[in-house]
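Undergrad: One structure, pasted below without further comment.
A short reminder: the numbers here are calculations on the coordinates, not readings from a lab. From a predicted model like this one, the values you see are computed outputs, not experimental measurements. In this analysis, Cβ positions are derived from the backbone assuming ideal geometry, glycine residues included, and neighbour counts consider all displayed protein chains.
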Amino acid sequence: MALRALMSALAFLIAFQVAGPAWAWGKLGHRVVAEFAERHISPAARDAIAELLEPGETLADASTWADENRLKVHGSGPWHYANVPIDEPRYRDDLAGAGQIVPKLAEFRAILTGP
């Protein structure tokens, strides 16, 4: 019985050690979603995106920019998530913390489209 408990504990520890970290998306996940999106956007959206990217850069290439520059761009950490309180059935702008992505998107849109 003690040997069985020891073996179970050992198996758990080994599984815990070899399991990869649970990154929410990771670089590959961001790129896959961006490539999928790029295949399903309108020609007008594709043209608008191309104007924002560097020559030869794809949406998949740009999809990891925020993660790669998170520490370089002051205050950009909250651009990576939207908090929804556990007791709320859905996201609400009035509960968003300062700088979180959903309200920030409206700010970015205004910058890109101009006054």
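Undergrad: Going by C-beta contacts inside 10 Å, put 109, 90 in order with the fewest on the left.
TA: 90, 109
Undergrad: Also, I was wondering about something else. Please list, by residue number, every one of the GluC sites (Glu not before Pro) in the stretch 40-115 that is coil in DSSP and has at most 13 other beta-carbon atoms within 10 Å. Could you put the intermediate results ahead of the total?
TA: Numbers: sites: 51, 57, 68, 107; in loops: 57.
Listed in order of number, the matching sites are 57.
Undergrad: Hey, rough spin-label estimate for residue 105 and residue 84, points 7 angstrom out along Cα→Cβ, what's it come to in nanometres?
TA: Computed distance between label sites residue 105 and residue 84 equals 1.3 nm.
Undergrad: Test of understanding: ordering 27, 104, 72 by Cβ neighbours within 10 Å, fewest first, what list do you get? Walk me through the numbers before you get to the answer.
TA: Numbers: 27 13, 104 17, 72 7.
Least crowded to most crowded, the residues run 72, 27, 104.
Undergrad: Could I ask something else about it? If you rank 111, 86, 41 by fewest surrounding Cβ atoms within 10 Å, what's the result? Please report the intermediate quantities before stating the final value.
TA: On the way: 111 9, 86 5, 41 13.
Fewest to most other Cβ atoms nearby, the residues stand as 86, 111, 41.
Undergrad: Additional query: Based on the alpha-carbon gyration tensor of the stretch 64-115, what equivalent-ellipsoid semi-axes (square roots of 5 times the eigenvalues) come out, in whole Å, largest first?
TA: Working: eigenvalues 93, 53, 13 Å².
The answer is 22, 16, 8 Å, longest axis first.
Undergrad: Hey, another quick one. Spelling out what I want: for every residue of the stretch 45-60, take phi, set θ = phi - 60°, compute 6.51 cos²θ - 1.76 cosθ + 1.60 (Karplus), and round to whole Hz; glycine and proline get x.
TA: For the stretch 45-60, the Karplus curve yields 5, 4, 5, 5, 5, 4, 5, 8, 8, 5, x, x, 7, 9, 4, 5 Hz.
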